[in-house]
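The values are calculated or read from the model by the stated rules, or taken from the named source; none is laboratory data. Just so we're clear, the structure is a prediction, and the values are computed from it rather than from any experiment. Counting neighbours? That spans all protein chains shown, and the Cβs are built from the backbone with ideal geometry, glycine included.
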Amino acid sequence: MARLVLVTPRTIDLATFPAELETALAAGDVASLIVAVEGGSEMLRQRIAEILTPIAQARDVAVLVRNDTRAAGRSRSDGVHVDTGLADLANALDTFHPDGIVGVGGLETRHEAMEAGDTQVDYVFFGDLDRPEAPEAAPRALDLATWWVPLFEPPVVLMGGATLASLDAAAAPGADCVPLRDAIGPAPRGAAAAGAEAAGRRADAPSTEA
């Protein structure tokens, strides 16, 4: 059964979001948190990582900072999520392996995925954190995950859509984890309620294990 990954909203209000995150994580099984805020200064992004990391780690949730090895190191997060090319991926692997986690995204083709998979990367991520989310997982990402799962060893993280219902289709190809962003963060009812419902959906989902 695919585990949940939470992706931070693109912008964060540090006065309110940490408490919402803590409640959302307490609602159910979450594998990791990707800190992927947009805009702001480098110092602000680092501060966000420093605040969110201990909240997640207290619940055994791994924290990955997107494309910022410095902020990841200074916040004592568990690793980085890299989607800016093989050169940056190699740098992240040199910095964080073997003790930290390094995942790779930004994979648009099978060739790019195989190149990344030939490294010591801990997971491959199919989907695009920069594009506005559709209700369901992107068809191209689903196709890549369906192709990858039976052929290659690195685990698959397949981005879900903007609705909680997208979890089911995203998990179907055999993805190890399904990240949610818009389905959690900006929901009018709040991240805590959305996180609880998402965790409940995964708990009720039939296992794909033999």
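Contact map, the range 1-21: residues that are farther than 21 Å from residue 128 by Cβ paired with residues that are at pLDDT below 90 and part of a loop (DSSP other than H, G, I, E, B), Cβ distance under 7 Å, separation 6+ or inter-chain. Pairs shown: 1/205; 1/207; 1/208; 20/190. Among the residues of the range 162-184, which ones are in a loop (DSSP other than H, G, I, E, B), at pLDDT 90 or above and crowded, with 20+ Cβ neighbours inside 10 Å? Answer for the range 162-184, where residues must be in a loop (DSSP other than H, G, I, E, B), at pLDDT 90 or above and crowded, with 20+ Cβ neighbours inside 10 Å: 173, 175. Restricting attention to the range 98-108, which residues are closer than 23 Å to residue 51 by Cα, crowded, with 22+ Cβ neighbours inside 10 Å and of a type in the set (A, V, I, L, M, F, W, C)? Scanning the range 98-108 gives a single hit, 102. Within the range 109-139, the set of residues being of a type in the set (D, E, K, R), closer than 20 Å to residue 34 by Cβ and either buried (at least 16 other Cβ atoms within 10 Å of the Cβ) or at pLDDT 95 or above (or both) comprises 112, 122, 128, 133, 136.
Among all residues of the range 153-162, there is at least one that is touching a Ser or Thr at 6+ places or on another chain (Cβ under 7 Å) and at negative phi. Scanning for something modelled with pLDDT under 95, crowded, with 16+ Cβ neighbours inside 10 Å and among the hydroxyl-bearing types (Ser, Thr, Tyr), does the range 144-156 turn up at least one residue? No - not one qualifying residue is present in the range 144-156.
Taking first residues from the range 70-97 that are under 19 Å from residue 52 (Cα atoms) and partners that are of a type in the set (Lys, Arg) and in a helix (DSSP H, G or I), the Cβ contacts under 7 Å between residues at least 6 apart in sequence or on separate chains come to 71/45.
Within the range 41-68, the residues that satisfy the criterion of being modelled with pLDDT of 95 or more and small (Gly, Ala, Ser) are 49, 56, 58, 62.
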